[in-house]
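Take a look at the structure below.
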Amino acid sequence: MTPEPTKKPIRYLSGVQSSGRLHLGNYFGAIQNHIRLQDQGECFYFIANYHALTTVQNAGELKNYTFMVAADYLALGLDPAKALLFRQSDVPEVNELAWILSTVTGMGLMERAHSYKDKVAKGIAPNLGLFYYPALMAADILIYHSDKVPVGQDQVQHIEMCRDMAGYFNNTFKKDVFKLPEAVLSEAPKVIGLTGGKMSKSDEASVIPIFGEPAEIKKKVMSIVTDSKGVAEPKDPDQNVIYLLYKLVARPEEAAEMEKGFRQGGMGYGDAKKMLLAKLEEVFGGAGREKRKKLEEKPDMVEDVLLAGAHKARKAAAQTMELVYEATGLPLSKIKKAMLDS
Ligand code: ADP
Ligand code: TRP
């Protein structure tokens, strides 16, 4: 009998910028999926500190946020025995690949990037890194031959651009070096922020940090702005930040109860805020917060996890770079080989 061909596991890859504290949008849009997927395939997760450098330009802050992202992932349940967690900058070959991809990518594609246009529209003075950002992201994905990329809605266009760049490369050099990755969305791909727009690290007022102190979270929830409708009046839950966040943390029947109270009247904003607070504490307080606090006291352990992850990720990256050198005619010289083997 011929043996069954062994099926290659699906490789999942994703990155989160170390540009602030992780928030509910990061969790329900991406990280919850990252942690679930560690039982379903090969997972590569990294802290996008090169990307963060486009906005965080202070050494202490960048290091601190990088540590915080790692500790949050571990406290939320990432198991380093199942999934790799590493710093983007520990695999510097991604920059080399980003440059190579940029040479086969038209300006038109880059100029269509929403996230760049949105940041410029917000008045952020763009640096070249911000414009080049999707090329580095494409390199992050392609260098590990990733199959699937679990992210929030805002990153989908970047993954489409990555597919385009992979295709340009393969066509230009007439070799199928890269496979085309696919985005994977969670059930909550666009989590609303406290100020009504997308919850985002770049707007502190919009976020509920996953592991914020209870007093801080209470203050943030209690100050969510509402209209002046009284308890008995019917209210529209679909535009209501309190309900939309509650739906993420509560059980379906509990969310349905709040929804009914808003639609029919009888549910006041004050009570709804208290219910949201209690659920947040139930889901992220207790054991999770304890574990997060303990990790704060063990930076060496966190560092060991990141180094072990980087070691494996860099090996995978080096193999891809060999194919890229071969396809393009860039040499894998002795000096480079020694560096890659180190
Ligand atoms: P931020 O937008 O807060 O700076 P990142 O850009 O580092 O966060 O995003 C990390 C991951 O979290 C990405 O997959 C992104 O799509 C997802 N994400 C960020 N904000 C939200 C949100 N409000 N809703 C859903 N997913 C989100
Ligand atoms: N740009 C992503 C974000 O802001 C972070 C990121 C960098 C990423 N490289 C990636 C996500 C590769 C997925 C795959 O959320």
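Whole-percent P(r), the chain, all Cα pairs, 20 Å bins from 0: 28, 54, 17, 1.
With runs of 4+ DSSP H residues as the only contributors, calculate the mean residue ellipticity of the chain at 222 nm using -39,500 (n - 2.57) per run, divided by the residue total and rounded to the nearest 500. Dividing the helical sum by the residues of the chain leaves -16500 deg cm²/dmol. Cross-link reach is defined here as a Cα-Cα straight distance under 22 Å, omitting same-chain residues fewer than 8 places apart; for residue 122 the lysines meeting it are 190, 198, 201. Within the stretch 243-313, the ratio Rg/Rh, alpha carbon atoms throughout and Rh by Kirkwood, equals 1.27. Among the GluC sites (Glu not before Pro) within the stretch 169-213, those in coil by DSSP and having at most 13 neighbouring Cβ atoms inside 10 Å are 187.
Beyond a 29 Å Cα-Cα separation, which of these cross-linked pairs lie in this structure: 273/293; 82/175; 219/260?
82/175
Under the rule a/c < 1.5 gives rounded, and otherwise a/b versus b/c splits prolate from oblate, where does the stretch 1-118 land using the Cα gyration tensor? Verdict is oblate for the stretch 1-118. Loop-resident GluC sites (Glu not before Pro) (DSSP state other than H, G, I, E or B) in the stretch 245-338 with no more than 15 further Cβ atoms inside 10 Å of their Cβ: 297.
Semi-axes of the equivalent ellipsoid for the stretch 131-213, computed as √(5λ) from the eigenvalues of its C-alpha gyration tensor and ordered from largest down, come to 32, 12, 11 Å. For residue 213 and residue 61, a Förster radius of 30 Å and the Cβ-Cβ distance give a FRET efficiency of 0.95, rounded to the nearest 0.05. If both residues of a DSSP beta bridge must be in the chain, then about 10% of such bridges are antiparallel. Compactness of the stretch 212-284 was expressed as the Cα radius of gyration divided by 2.2 N^0.38 Å, which yields 1.04.
Computed from the coordinates by the stated procedures, all read-outs in this text should not be read as laboratory data. Just so you know, these numbers come straight off a predicted model, no measurement behind them. Heads up, the Cβs are rebuilt from the backbone with ideal geometry, glycines too, and the neighbour counts pull from every protein chain shown.
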